[in-house]
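**Student:** Submitted below is the structure of interest, expressed as structure tokens.
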Amino acid sequence: MRRRSSIITIGISPAWDITCCGRNLDWDLHQHIDEQSIRPAGKALNVSKALAWIGQQNIAAGLWGCDDCQQMVIAVREMWPSITLRMSTVPGGTRQNVTVVDAATGREMHLRNKSRLASTKTIRKLRADLDAIVGQGSVCVFAGTMPEGELLADITRLVEFCRSRGARIVLDTSGDALMQIVDAGAAWLIKPNVEELRDLLEEPIKDGPVSLAQAGRKLLDKVEIVLISRGVKGSVVVTRKGAWQARCLSRAKVLSTVGCGDFLLAGFLKGLKDKFDARSALNTAIKVATARAWGWTESKTWSQALREIKVAAERV
């Protein structure tokens, strides 16, 4: 089998992200907003966009509705030309998520719609399309909300199929999907936040580096790397070689937290690819996630962020 070293993001529940920014927004009022953006997204595509920003070519796969597919293709090619699109187009329209940001107070509201693109038939089509691009050495990133009930078994089989092709599986989801895929031993790397880690282990865990490292070690018989997102507190990574924590030392105004976890994961994957060790990868991950929070991914280059954002990483 030909070796493929591509990073492939796979989204089952893609979305259009509509972000509205204003000042002093409140209920029961008709108010003007300062700006609005409409972009193709979903966690998997967000990882692809983050990888593109830091100079890592990648493939974006997964489901997308045929009603708005051409609009998505045009947007991605204009804004992130280094992403290779290999979406599986299926009947219907892609959901829209709305984020309202009050720049005066720093508050955000996230309105999330349900995705209705996944079915046994569309997942079967996705598997056939992935057969052409997934191979030995691929890194397949399954990110975002996964279907529940009977469709979850279809997703689990899809993950196992990619693994059987020689791919390493990265998992960034929650709930039953996270639990079942981890229990099956199919994941190479998982990226839970603190609450998702508690749900996965079904036990209370303090949000501290030592406690999180101890909890992460309990999963190392099933996965090789546990990357734990802590929001503004940074992140902890746990491997069989050790555990490390990292946090940002620099200070700037946080413009939005939307997508920061996706950028964290992208930075970690890029760091692993370039440096081959978890501590260095964690350093890169925090810089990428911080740049996202500060809005630098829209206004600065990765080279600038790499130089200007200071991060402390240390063994736990």
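No lab work stands behind these numbers, since they all come straight from the coordinates. Not measured: the values here are computed from a predicted model. Positions of Cβ are generated from backbone atoms using ideal geometry, with glycine treated the same way; all protein chains shown enter the neighbour counts.
**Student:** Pairs of Cα atoms under 8 Å, at least six residues apart: use those to get the relative contact order of the chain, whole percent.
**Tutor:** Value for the chain: 16 percent.
**Student:** 222 nm [θ] for the chain, helices only, -39500 (n - 2.57) per DSSP H run of 4+, per residue, to 500?
**Tutor:** Using -39500 (n - 2.57) per qualifying helix, the result is -11000 deg cm²/dmol.
**Student:** A follow-up question, please. Under 20 Å from a point placed 7 Å out from the Cα of residue 74 along the Cα-to-Cβ direction: which residues of region 27-47 have their backbone N that close?
**Tutor:** 36-42
**Student:** Which part of region 47-70 falls in the paramagnetic zone of residue 132, meaning amide N under 20 Å from the point 7 Å along Cα-to-beta-carbon?
**Tutor:** Within reach of a label on residue 132, which here means backbone N under 20 Å from a point 7 Å along Cα→Cβ, region 47-70 contributes 58-70.
**Student:** Of the listed pairs 233/273; 125/270; 253/273; 114/191; 121/206; 121/218, which have alpha-carbon separations greater than 32 Å here?
**Tutor:** With Cα atoms farther than 32 Å apart: 121/206; 121/218.
**Student:** Take every Cα-Cα distance within region 89-129, group them into 10 Å bins from 0 onward, and report for each bin the whole-number percent of pairs it holds.
**Tutor:** 25, 32, 22, 15, 6
**Student:** Along the principal axes of its C-alpha atoms, what lengths does region 46-128 span, in descending order and rounded to whole Å?
**Tutor:** That works out to 48, 32, 19 Å along the principal axes.
**Student:** Starting at the first residue of region 149-158, write each ³J(HN,Hα) from the Karplus equation 6.51 cos²θ - 1.76 cosθ + 1.60 with θ = phi - 60°, in whole Hz, x for Gly and Pro.
**Tutor:** x, 5, 5, 4, 5, 5, 5, 4, 5, 5
**Student:** Roughly how many nanometres apart are two label points built 7 Å out from the Cα toward the Cβ at residue 277 and residue 84?
**Tutor:** 3.2
**Student:** Only Cα pairs within less than 10 Å get springs; with that Gaussian network setup on the chain, which residue of 270, 300, 43 has the largest fluctuation?
**Tutor:** Most flexible of the set in this elastic network: 300.
**Student:** Between residue 211 and residue 298, with labels modelled 7 Å along Cα→Cβ, what's the label distance in nm to one decimal, could you check?
**Tutor:** Result: 3.5 nm between the two label points.
**Student:** Assign one of three labels to region 105-156, namely rounded, prolate or oblate, based on the Cα gyration tensor with a ≥ b ≥ c the square roots of its eigenvalues; rounded applies when a/c is under 1.5, prolate when it is not and a/b is larger than b/c, and oblate otherwise.
**Tutor:** Oblate, since a/c reaches 1.5 and b/c is not below a/b.
**Student:** Could you give the length gained on full extension between residue 27 and residue 121, defined as 0.36 nm per residue of separation minus the Cα-Cα distance, in nm?
**Tutor:** 29.6 nm
**Student:** PRE reach from residue 195 (point 7 Å along Cα→Cβ): which of region 78-122 fall under 15 Å by backbone N?
**Tutor:** Under cut-off, by backbone N: 108-112.
**Student:** If you project the alpha carbons of region 165-278 onto the principal axes, what extent comes out on each, in Å, largest first?
**Tutor:** For region 165-278, the Cα extents along the three principal axes come out at 42, 34, 27 Å.
**Student:** Please turn the phi angles of region 231-241 into ³J(HN,Hα) values with the Karplus equation 6.51 cos²θ - 1.76 cosθ + 1.60 (θ = phi - 60°), one per residue in order, whole Hz, x for glycine and proline.
**Tutor:** Values, residue by residue: x, 5, 7, x, 7, 10, 10, 10, 9, 5, 8 Hz.
**Student:** Give me Rg/Rg_expected for region 78-169, where Rg uses Cα atoms only and Rg_expected = 2.2 N^0.38 Å with N residues.
**Tutor:** Working it through for region 78-169, the quotient is 1.35.
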